[in-house]
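Trainee: Below: one structure in structure tokens.
The values are calculated or read from the model by the stated rules, or taken from the named source; none is laboratory data. Remember, predicted model here, so these are calculated numbers, not experimental data. Glycine also receives a Cβ, built like all others from the backbone with ideal geometry; neighbour counts cover every protein chain displayed. Please note that ligands, DNA and RNA were not included when accessible areas were found on the heavy atoms of the full protein model with its side chains. Shrake-Rupley method; radii C 1.70, N 1.55, O 1.52, S 1.80 Å.
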Amino acid sequence: MTATMTTAGVAQAYDRWAPIYDLVFGPVFRQGRASAIRAADRIGGRILEVGVGTGISLPGYAATSRVTGVDISDDMLDKARARVRRHGLSNVEAIRIGDAEALDFADDSFDVVVAQYVVSAVADPARALDEFARVCRPGGEIVITTRVGAEQGLRGAIEKTLMPVTSRLGFRTDFPFALYTDWIATRGDVELVEQRVLPPLGHFSLVRIAKLGGMQ
């Protein structure tokens with residue numbers, strides 16, 4: 001896939017989204033967020049949420065899960081920190097700046113890596129997926145909610161046409177699911193365990209990828 005986005009550009013885009021993100025995207029992504037949180041909490045332990053944004057997901061995690069949130073946007077993180085204080089979320093261990101393509105954590109640091117509507121919003125999706133796999137322990141999972149492009153037909157044509165606009169807004173519309181399956185095929189340490197269509201309109205999916213090598 002031709003990358004038309006840069007990390008700096010994405011950070012600037014989400015700084016602009018910060019004041020209205022919850023209002024615009026909160027209702028649209030509510031069911032996807034709930035599905036990702038349930039999947040992560042089934043494993044529990046240490047959870048890394050990449051692209052934590054305003055922290056809208058944080059109150060939903062079980063109190064027994066220990067959550068670290070990272071995001072590329074300082075303005076989004078200000079809202080996440082305020083949400084942690086407002087809700088008294090003692091299970092949130094840290095909220096900090098972090099680049100999905102260069103995570104500042106040791107290998108095998110987390111039981112679960114959650115990325116909600118993030119992979120289609122980074123400059124190099126395959127590199128971000130490599131980082132998720134690196135910091136996830138063997139036996140853990142990568143839990144992703146993701147846009148899935150139509151690739152053909154009228155919707156596919158519209159998505160391709162909109163790409164120059166949506167890239168400046170911080171996300172891709174033209175995003176084939178083959179990006180995930182092609183990436184998995186290059187590695188021997190991960191496997192796809194679930195792909196489930198999410199509302200609205202079937203344009204999004206929940207994707208669970210297991211990191212192999214631990215107790216299954």
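Trainee: Quick check on residue 47: is it at pLDDT 90 or above, touching a helix residue (DSSP H, G or I) at 6+ places or on another chain (Cβ under 6 Å), under 22 Å from residue 74 (Cα atoms) and buried (at least 16 other Cβ atoms within 10 Å of the Cβ)?
Mentor: Judged against the criteria, residue 47 is a match.
Trainee: Give the residue that is surrounded by the most Cβ atoms within 10 Å (Cβ to Cβ), with candidates limited to residues of the stretch 123-142 that are touching a Ser or Thr at 6+ places or on another chain (Cβ under 9 Å), modelled with pLDDT of 95 or more and not in a helix (DSSP H, G or I).
Mentor: 136
Trainee: Follow-up. Just checking, how many residues over the stretch 52-62 are part of a loop (DSSP other than H, G, I, E, B), more than 16 Å from residue 19 (Cα to Cα) and touching a strand residue (DSSP E or B) at 6+ places or on another chain (Cβ under 9 Å)?
Mentor: 2
Trainee: A follow-up question, please. Taking residue 21 as meeting all but one of (1) modelled with pLDDT of 70 or more; (2) under 19 Å from residue 92 (Cβ atoms), write down the number of the exception.
Mentor: Of the numbered conditions (1) modelled with pLDDT of 70 or more; (2) under 19 Å from residue 92 (Cβ atoms), the odd one out for residue 21 is (1).
Trainee: For the stretch 62-82, name all the residues that are touching a helix residue (DSSP H, G or I) at 6+ places or on another chain (Cβ under 6 Å), open to solvent by 10 Å² or more (accessible area, probe 1.4 Å) and not acidic (Asp, Glu).
Mentor: Scanning the stretch 62-82 gives 62, 72.
Trainee: Is it fair to say residue 53 is within 17 Å of the chain's Cα centre (by Cα), open to solvent by 30 Å² or more (accessible area, probe 1.4 Å), under 20 Å from residue 26 (Cβ atoms) and small (Gly, Ala, Ser)?
Mentor: Criteria not met by residue 53.
Trainee: Still on this structure, I have one more. Can you tell me which of 145, 173, 166, 161 is open to solvent by 40 Å² or more (accessible area, probe 1.4 Å) and at pLDDT below 95?
Mentor: 161
Trainee: Can you report the number of residues in the stretch 104-119 which are open to solvent by 10 Å² or more (accessible area, probe 1.4 Å) and either closer than 22 Å to residue 34 by Cα or hydrophobic (A, V, I, L, M, F, W, C) (or both)?
Mentor: 6
Trainee: A follow-up question, please. Going by the structure shown, is residue 204 crowded, with 16+ Cβ neighbours inside 10 Å, farther than 26 Å from residue 109 by Cβ, of a type outside the set (Asp, Glu) and at pLDDT below 85?
Mentor: Judged against the criteria, residue 204 is not a match.
Trainee: Taking the conditions exactly as written (surrounded by fewer than 16 Cβ atoms within 10 Å (Cβ to Cβ), without any contact (Cβ under 8 Å) to a residue 12 or more places away in the chain, more than 27 Å from residue 107 (Cα to Cα) and under 17 Å from the mean Cα position of the chain (by Cα)), does residue 30 satisfy them or not?
Mentor: Yes, satisfied.
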